[in-house]
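Following: one structure in structure tokens, then a few remarks.
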Amino acid sequence: MRHFVSAACGLWLAATAQVQAEPVVVVELYTSQGCSSCPPADEFLGMLASDPRILPLALHVDYWDYIGWEDKFALAQFTDRQKAYAHAVGSRTIYTPQLIIGGADRIEGYSPEETAERLRDHLGAATPVRLTVTREGDKLVIRAEADPPLTEPVRVQLVRYKPEETVTIERGENAGKTITYRNIVTSWEPLQDWGGTAPLEVTTPYPGDEPGAVIVQTAGPAAILAAARVE
């Protein structure tokens, strides 16, 4: 399986080598330590993390906890976010693993080839929003401009995540496995809504050393118009 994943990832990298470095494409992985289908997707997320043009984020959901293993990273908030994505497209079903690319493309299950195809599209797409984020001590200064101006408000959000942690799972569908998880989201909070006509400048607290990202997203949740890392 590892060789297959590496080959697929290599094909994608070769196909996108000429794309200029632009604001990152956000890839959300909805996953769980209790889901036997999730480890290949968790590994693939780690491979995506090696590309600076992509920001893969692991959001651990809590609806697998009932089968005997409580995911230590799971938050009900992430289950709610996944449900909101489903509701936005008229679906009543949520699934793990599930990838959501750029807030718009949904991939259920583990599919490196389809993921690569969708990433090519997003990496080549233009965005009207120019986003810059500057860290000043324990604060972030966020600036954004839209050209042309946006026709509907968007939400500015702050994400924090843990780069890596290894877990030995003792019960449930993955009992006996030791898995290294990467880019584990610890919080995903709205900062404010922005109309997208006048330029935006906002300052927000940013304590600690945990990395993060600022994400500008249309309502739904739907398309992510811009994202910037915070190291």
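The values are calculated or read from the model by the stated rules, or taken from the named source; none is laboratory data. From a predicted model like this one, the values you see are computed outputs, not experimental measurements. Here the Cβ positions follow ideal geometry from the backbone for every residue, glycine too, while neighbour counts run over all protein chains shown.
From the list ALA146, ALA228, the lone residue that is under 16 Å from the mean Cα position of the chain (by Cα) and closer than 20 Å to VAL25 by Cβ is ALA228. Only one residue in TYR85, TYR161 is hydroxyl-bearing (Ser, Thr, Tyr), touching a Leu at 6+ places or on another chain (Cβ under 9 Å), surrounded by 20 or more Cβ atoms within 10 Å (Cβ to Cβ) and closer than 22 Å to PRO190 by Cβ. Which one? Checking each option against the conditions leaves just TYR161. Looking across ARG53, ARG106, ARG92, one residue alone is closer than 16 Å to ALA227 by Cβ and surrounded by fewer than 22 Cβ atoms within 10 Å (Cβ to Cβ). It is ARG53. Filter segment 162-198 for residues that are polar (S, T, N, Q) and not in a strand (DSSP E or B); which is nearest to TRP64 (Cα to Cα)? Only one residue tops the list, namely ASN174. In segment 185-231, the qualifying residues are those that are surrounded by fewer than 21 Cβ atoms within 10 Å (Cβ to Cβ), under 25 Å from SER50 (Cα atoms) and of a type in the set (Val, Ile, Thr), and the one that is modelled with the highest pLDDT is THR186. Tell me, which residue of segment 15-35 that is hydroxyl-bearing (Ser, Thr, Tyr) and modelled with pLDDT of 95 or more is farthest from LYS177 (Cα to Cα)? Per the criteria, the residue is TYR30. Apart from one condition, GLY172 fits all of (1) modelled with pLDDT under 95; (2) of a type outside the set (Lys, Arg); (3) surrounded by fewer than 18 Cβ atoms within 10 Å (Cβ to Cβ); the exception is (3).
Here is a yes/no grid of residues against (1) surrounded by fewer than 17 Cβ atoms within 10 Å (Cβ to Cβ); (2) within 15 Å of ILE100 (Cβ to Cβ); (3) touching a strand residue (DSSP E or B) at 6+ places or on another chain (Cβ under 7 Å):
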| residue | (1), (2), (3) |
| --- | --- |
| LEU48 | no, yes, yes |
| HIS60 | no, yes, yes |
| TYR66 | yes, no, no |
| ALA74 | no, no, yes |
| THR79 | no, yes, no |
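Checked across segment 131-145, the condition of being surrounded by 12 or more Cβ atoms within 10 Å (Cβ to Cβ), touching a helix residue (DSSP H, G or I) at 6+ places or on another chain (Cβ under 9 Å) and not polar (S, T, N, Q) holds for no residue. On inspection, GLU113 does not qualify as closer than 24 Å to ARG229 by Cβ, surrounded by fewer than 18 Cβ atoms within 10 Å (Cβ to Cβ) and not aromatic (Phe, Trp, Tyr). Restricting attention to segment 163-195, the residues being farther than 23 Å from PRO221 by Cα and out of contact with any Cys (no Cβ under 8 Å at 6 or more places or on another chain) number 18. Residue pairs whose Cβ atoms lie under 7 Å apart, sitting 6 or more positions apart in sequence or on different chains, and linking a residue in segment 44-62 that is under 24 Å from LYS83 (Cα atoms) and modelled with pLDDT of 95 or more to a partner that is assigned to a helix (DSSP H, G or I) and of a type in the set (Gly, Ala, Ser), are ASP62/ALA76.
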